[in-house]
Amino acid sequence: MYTPAEAAAMLQVRESWLRKKASARAIPCTFVGKHLRFSDQDIAGIIAAGAKQPVVRSQRARR
């Protein structure tokens, strides 16, 4: 289990952003009592949610 500071460093985001998203339940997180923590699965879920599919542009036939 990672603290918000540790998770933010791993994800290369601000700790305040991570806490805000977690409190809004917008990202996976775990509360141990009143303490916010992030499991390996939570980190993987955050990364997967942020992953974007590559943009593929169709090629037009030239005339």
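The values are calculated or read from the model by the stated rules, or taken from the named source; none is laboratory data. It should be emphasised that the depicted structure is a prediction, and the values quoted were computed from it without experimental measurement. Positions of Cβ are backbone-derived with ideal geometry, glycine not excepted, and every protein chain shown enters the neighbour counts. Only protein heavy atoms, including side chains, enter the accessible area calculation; ligands, DNA and RNA are left aside. Shrake-Rupley method; radii C 1.70, N 1.55, O 1.52, S 1.80 Å.
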Count of residues meeting criterion [in a loop (DSSP other than H, G, I, E, B), touching a residue at least 24 places away in the same chain (Cβ under 8 Å) and either surrounded by fewer than 11 Cβ atoms within 10 Å (Cβ to Cβ) or not hydrophobic (A, V, I, L, M, F, W, C) (or both)] in region 1-38: 1
Qualifying residue in region 39-48 (condition: part of a helix (DSSP H, G or I), open to solvent by less than 90 Å² (accessible area, probe 1.4 Å) and either of a type in the set (Ser, Thr, Tyr) or on the phi > 0 side of the Ramachandran plot (or both)): no
